[in-house]
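S.K.: After the structure tokens below, expect a handful of questions from me.
The values are calculated or read from the model by the stated rules, or taken from the named source; none is laboratory data. Source: prediction; values computed, not measured. Cβ atoms come from the backbone with ideal geometry, glycine included; neighbour counts cover every protein chain shown. Remember, those area values only see protein heavy atoms, side chains included, never the ligands or the DNA or RNA. Shrake-Rupley method; radii C 1.70, N 1.55, O 1.52, S 1.80 Å.
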Amino acid sequence: MRRAGRATAATLHAACAQIRPGMRLDAIDAFVARDVAARGARSSVLGYEVAGAPPFPGHCCTSRNEVVCHGIPDATELQEGDIVNVDITTELGGWHGDTSRTVHVGTPSPEAAHLVQTTERALAAGIAAVRPGAPLGAIGAAIEAVVRPLGCTLVREFGGHGIGRAMHQPPHVHHVRVPGPSPTLWPGMCFTIEPMVCLGRPEIRMLDDGWTVVTADGRWSAQAEHTVCVTDDGVEILTHRP
Ligand code: MF3
Ligand code: CO
Ligand code: CO
């Protein structure tokens, strides 16, 4: 899991360094395809299938502005001031790593900067709630406690997930507070934390392509994701970037 996480993080780092105004989303995808192969890894999302949608056509997800997640890398050109989330999931030696970040294209507006900063704080707060013996639900509670006072909202329909020999495994990791008991965290458990934060309302809509998730109100959304492992005394970020 450490090797897979490191490789995935390195690809994300390299891909984000390429991003500039005028770049097409499918150019990010082509870069990711080459970089993943160069590390001896494989994209976990290319050809990924879920009921009711065609196989995912990209090597990564590229989610721009009002796209919440699962954006398909297409011919769209990034514009000055846009935000774009690049989400990389790769498999190396039979294990998966999953990580994403949202970057600014050129100079951010104050609003975009606030959104991205809030998203990074949300992820950090979620990770800080991970330790053996803590309830899984402490993660969502910690994220919500950070995001609400900053005036942003959290998407409820998607969460983090267990990860290991498959990209998506139980448990589901909520990014909001959910009443009632939840499983106890235990050393060795690996899962993702990947809050989706919105400037406006958190309701979402799926486009006809069966993948692209957008905000219903069209306002911007950002996301950040790490794969983490519960350790004997806390947490290890497996997708720490170089
Ligand atoms: N990387 C995404 C996640 O964080 C999974 C994307 S599945 C895809 O769980 F098929 F949309 F790419
Ligand atoms: Co994930
Ligand atoms: Co991901």
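S.K.: Determine the shape class of region 60-191: with a ≥ b ≥ c the square roots of the Cα gyration tensor eigenvalues, call it rounded for a/c under 1.5, and otherwise prolate if a/b is greater than b/c, oblate otherwise. Display every interim value, and only then the final one.
M.R.: Values: a/c = 2.42, a/b = 1.33, b/c = 1.82.
Taking the square roots of the gyration eigenvalues as a ≥ b ≥ c, region 60-191 is oblate.
S.K.: Please state the charge dipole magnitude for region 1-131, taken about the Cα centre, from unit charges on C-beta atoms (+1 on K and R, -1 on D and E), reported in debye and rounded to the nearest 20. Before the final figure, lay out each step's value.
M.R.: Details: 12 positive and 14 negative charges, 142 e Å.
The dipole of region 1-131 has a size of about 680 debye.
S.K.: What are the DSSP H helices in the chain that stretch 18 Å or more along their long axis, judged by alpha-carbon atoms, and whose average Kyte-Doolittle hydropathy comes to at least 0.0? Can you show the working numbers first?
M.R.: On the way: long enough: 2-18 (25 Å, -0.18); 25-38 (20 Å, 0.96); 110-128 (27 Å, 0.29).
Helices passing the filter in the chain: 25-38, 110-128.
S.K.: Further question on the same structure: Counting pairs of Cα atoms in region 168-219, how many percent are more than 17 Å apart?
M.R.: When all Cα pairs of region 168-219 are counted, 56 percent exceed 17 Å.
S.K.: At 37 °C and a viscosity of 0.692 mPa s, what translational diffusion coefficient does Stokes-Einstein give for region 127-198, taking Rh as the Kirkwood radius over Cα pairs? Give it in µm²/s as a whole number.
M.R.: Rounded, D is 263 µm²/s.
S.K.: Related question: Equivalent-ellipsoid semi-axes (√(5λ), Cα gyration tensor) for the chain, whole Å, largest first?
M.R.: Numbers: eigenvalues 126, 98, 53 Å².
Over the Cα atoms of the chain, the ellipsoid semi-axes are 25, 22, 16 Å.
S.K.: I need the fraction of alpha carbon pairs in region 111-158 separated by more than 12 Å, rounded to a whole percent. Don't jump to the answer; show the numbers that get you there.
M.R.: On the way: 687 of 1128 pairs.
Cα-Cα pairs of region 111-158 separated by over 12 Å account for 61 percent.
S.K.: Of all accessible surface on the chain at a 1.4 Å probe, what whole percent is carbon and sulfur? Provide the component values of the computation, followed by the final result.
M.R.: Details: 5630 of 10480 Å².
Roughly 54 percent of what the probe reaches on the chain is carbon or sulfur.
S.K.: So what is the calculated 222 nm ellipticity per residue for the chain, using -39500 (n - 2.57) for each DSSP H run with n of 4 or more, over all residues, to the nearest 500 deg cm²/dmol?
M.R.: On the way: 4 runs with 61 residues, N = 242.
Calculated mean residue ellipticity at 222 nm is -8500 deg cm²/dmol.
S.K.: Next question. In debye, nearest 20, what is the charge dipole magnitude of the chain about its Cα centre with +1 on Lys and Arg Cβ and -1 on Asp and Glu Cβ, if you could check?
M.R.: In total the dipole reaches around 560 debye.
S.K.: Additional query: Considering only protein heavy atoms, what per residue accessible area in square angstrom results for the chain with a 1.4 angstrom probe? Could the numbers behind the result be given before it?
M.R.: Details: 10480 Å² over 242 residues.
Each residue of the chain exposes 43 Å² on average to a 1.4 Å probe.
S.K.: Would you work out if region 11-56 is rounded, prolate or oblate? Take a ≥ b ≥ c from the square roots of the eigenvalues of the alpha-carbon gyration tensor; rounded if a/c is under 1.5, else prolate when a/b is larger than b/c, oblate otherwise. If you can, show how the numbers build up before the last one.
M.R.: On the way: a/c = 3.07, a/b = 1.44, b/c = 2.13.
Cα axes put region 11-56 in the oblate bin.
S.K.: Then there is this: Near residue 43, within a Cβ-to-Cβ distance under 15 Å, what is the net charge of the other residues, with Lys and Arg +1 and Asp and Glu -1? Intermediate results must be reported in sequence, preceding the final value.
M.R.: On the way: positive: 34, 39, 42; negative: 26, 29, 35, 49, 87, 91, 98.
That sum, taken over residues with Cβ under 15 Å, equals -4.
S.K.: Counting only the heavy atoms of the protein chains, how much of residue 109 is accessible to a 1.4 Å probe, in Å² to the nearest 10?
M.R.: Approximately 50 Å² of residue 109 is accessible to the 1.4 Å probe.
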